[in-house]
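**Q** To start, I am sharing the structure in question, which I have written as structure tokens.
The values are calculated or read from the model by the stated rules, or taken from the named source; none is laboratory data. Worth saying up front: this structure is predicted, and the values here are computed from it rather than measured. Neighbour counts are summed over all protein chains in view; Cβ atoms, including those assigned to glycine, are modelled from backbone coordinates with ideal geometry. With ligands, DNA and RNA removed, areas are computed over all heavy atoms of the protein, side chains included. Shrake-Rupley method; radii C 1.70, N 1.55, O 1.52, S 1.80 Å.
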Amino acid sequence: MKKTSPTNTITNEFHWWNNYTLGQNHSLFFVLGELELSILPLDKEAQISYQYLLKEEERYQAPQLLASQHPELKHTERFVINKWDNEIRLAPILADRPVVVRPKNNLYLLPNQSTTLYVSTALWLSIYLGNVKEPVKELRSISLSDTWMGATTREGEICYAARTSGKISREQVIHSPFRAVTPVKLKNSGKDIFAVERIALPTPHLSLYEDEDSNLWTNAVAIDRIELKDVASIKLESKPPEHAKNAKLVSKPREQVADNKLSKTLKHLLS
Amino acid sequence: MEEASMASISLFLWLKAAILVVAGTVIARVVVKMLNGILTTHLTTHALQLSRRVIFYGILTIFIISALRELGFELTLLLGAAGILSVAIGFASQTSASNLISGLFLLGEKPFSVGDIIQVDAVKGEVLSIDFLSVKLRTFDNLFVRIPNETLIKTTFTNISRFPIRRLDLAIGVAYKENIARVRELLIRAADENPICMEEPAPVCIVDQFGASSVDIKFSVWVRQDQFRNLKDSLMEDIKELFDKEGVEIPFPHISVYAGSETGPFPIKMKTDTEQDDKDHKE
């Protein structure tokens, strides 16, 4: 078993979003969170196999090139591709639905106070084959429960649910290769205490950046709780967070939002 | 000679009329096909089906009227005849008329659209089309069901896929010896660990009744419309597995036999194997 050398030379082992060129009869094996993935190039086709580990078994294992031995995983899919030179690109992308995050402990923002909450959300993995522009497969790195964000059961949006420790100090933020950190800038312009019970992060509208240490960040979300109103004004910052040094764009938002304002469907962002 | 020329003129007129009808059908189809591409992005499936029909039959009617005029029919006379005919037809086609009017009400009210899942009495299926006389469904065992519009106006039906999420109610019986608080905790844990079970609205656990053999608990969880069956299947399996692991008993129905006396125990006489063998031998 030997390690792959990505096409572009990256030394950081957490930097898994690269191009990989596989030799004949070699497969690429990778563990990202709960996802175990194997890609095997064959004559005129690529076999993508994957399975999910239990929640408590989540881990990271950098992509490795396996010669002659191909792990047997639960699901296998075959992709026909006539002309390709066994080039594979792995790319991270944010969740395809908003993620509703609940702080593990109750969080209250006093009147006229502001803070930045660092929230991490699970990443999806996109697999590109050869010169095909669209990803042939997208897989989540961690299983997330479904949840509903809306005032009633008739109107709202289906989201993913997640818990956060809600760090308010940047130094305490723990980065992971299968999570991206979103700075949520909270401001209470009201005169009463603002209970932050849950925050719906509009992940399909966020961009993904990497800093110089290969940590993944998204652009910041600014939430201003307007006086005497339950709904806050929400704005997505267009630039990478200021903490991400020498930030480079890794993936664009899945859906663009006009004028950096959230769509109507996300009006219940805070409750 | 004259008769022959008259016959040829008549044949020519009939041919002309036939060409008009055929041309009308072709033009109507072409127009519908052209508009289909434009309208697909703007209209719902149901509105698209309806517009296609209106456009097709509208164009065809114009060509049929032209064909009839070519054949020398007076339109006013035809309308007059249609007036008299309509009375006769009206009596003969009460059901169709009722269905037609019901269909118009259904179109106006829009209780469901094409692609929705509805249940009418015992029939449950996906709406294929909403027509003037009937609604066509495809059941989950792939049968084609035609329901007259009049039936839908008169009866109660359920649109299952109207809202994006729905509630799944599970009736779970546990033995009387079990601690209800612990059972609640286990049920909530099973829901938490199932990714398709929604976190919000939160699962609810209610003690429903003291049943004949068990304490009956109603466990309600929310799920995405399209995952309803999957959740029912996976959650029930999860609960069974968790109860087995934690030693929570799901009792079988059982009956207590009362001997008839308030204090006296039900008489039971124990016999040893040898006593029984002796008795069998004597017999």
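**Q** I need the full set of residues from region A:116-132 which are under 18 Å from residue A:219 (Cβ atoms) and either among the hydroxyl-bearing types (Ser, Thr, Tyr) or assigned to a loop (DSSP other than H, G, I, E, B) (or both), in order please.
**A** A:116, A:118, A:120, A:121, A:123
**Q** Also: Pick from B:216, B:244, B:208, B:238: which is among the charged types (D, E, K, R), under 15 Å from residue B:183 (Cβ atoms) and in contact with a Gly (Cβ under 7 Å, 6 or more places away or on another chain)?
**A** After applying the criteria, what remains is B:216.
**Q** Are any residues in region B:214-225 away from every other protein chain (no Cβ under 14 Å) and open to solvent by less than 20 Å² (accessible area, probe 1.4 Å), and if so, which ones?
**A** If the condition is that a residue be away from every other protein chain (no Cβ under 14 Å) and open to solvent by less than 20 Å² (accessible area, probe 1.4 Å), then B:214, B:215, B:217, B:219 are the ones that fit.
**Q** Limited to region B:88-104, what total is found for residues that are surrounded by 14 or more Cβ atoms within 10 Å (Cβ to Cβ) and within 21 Å of residue B:44 (Cβ to Cβ)?
**A** Result for region B:88-104: 2.
**Q** I'm trying to understand the selection: among the residues of region B:113-129, which are within 29 Å of residue B:90 (Cα to Cα) and open to solvent by less than 10 Å² (accessible area, probe 1.4 Å)?
**A** Residue satisfying the conditions is B:120 alone.
**Q** On to the next question. Return only the number of the condition from (1) in a strand (DSSP E or B); (2) open to solvent by less than 10 Å² (accessible area, probe 1.4 Å); (3) modelled with pLDDT of 90 or more that residue A:204 does not satisfy.
**A** Residue A:204 satisfies every listed condition except (1).
**Q** Here is a follow-up. Report every pair of residues separated by at least 6 positions or lying on different chains whose Cβ atoms are under 8 Å apart, first residue within region B:138-161 and closer than 14 Å to residue B:111 by Cα, second open to solvent by less than 30 Å² (accessible area, probe 1.4 Å) and aromatic (Phe, Trp, Tyr).
**A** B:159/B:112
**Q** Now for a separate question. Which numbered condition in (1) in contact with an Asp or Glu (Cβ under 6 Å, 6 or more places away or on another chain); (2) modelled with pLDDT under 90; (3) hydroxyl-bearing (Ser, Thr, Tyr) is the only one that residue A:153 fails?
**A** Single failed check for residue A:153: (1).
**Q** So, one more: Please work out which one of (1) assigned to a strand (DSSP E or B); (2) open to solvent by 20 Å² or more (accessible area, probe 1.4 Å); (3) at pLDDT below 90 is the condition residue A:51 fails and give its number.
**A** (3) is the only condition that residue A:51 fails.
**Q** Related question: Could you count how many residues in region A:186-203 are away from chain B (no Cβ under 14 Å) and farther than 18 Å from residue A:240 by Cβ?
**A** Matching residues across region A:186-203 total 11.
**Q** Name every residue in region B:175-198 that is within 13 Å of another protein chain (Cβ to nearest Cβ), among the aliphatic types (A, V, I, L, M) and either loosely packed, with under 14 Cβ neighbours inside 10 Å or not in a helix (DSSP H, G or I) (or both), in order of residue number.
**A** The answer is B:196, B:198.
**Q** Sticking with this one: Go through region A:138-166 and report how many residues are within 22 Å of residue A:59 (Cα to Cα) and more than 8 Å from every other protein chain (Cβ to nearest Cβ).
**A** Number satisfying all stated conditions: 11.
**Q** Specify the residue that is nearest to the chain's Cα centre (by Cα); the eligible residues are those in region A:54-90 that are surrounded by 10 or more Cβ atoms within 10 Å (Cβ to Cβ) and among the aliphatic types (A, V, I, L, M).
**A** It comes out as A:90.
**Q** Considering B:68, B:85, B:133, B:77, which residue is more than 20 Å from the chain's Cα centre (by Cα), within 30 Å of residue B:20 (Cβ to Cβ) and crowded, with 16+ Cβ neighbours inside 10 Å?
**A** B:68 is the lone residue from the list that is more than 20 Å from the chain's Cα centre (by Cα), within 30 Å of residue B:20 (Cβ to Cβ) and crowded, with 16+ Cβ neighbours inside 10 Å.
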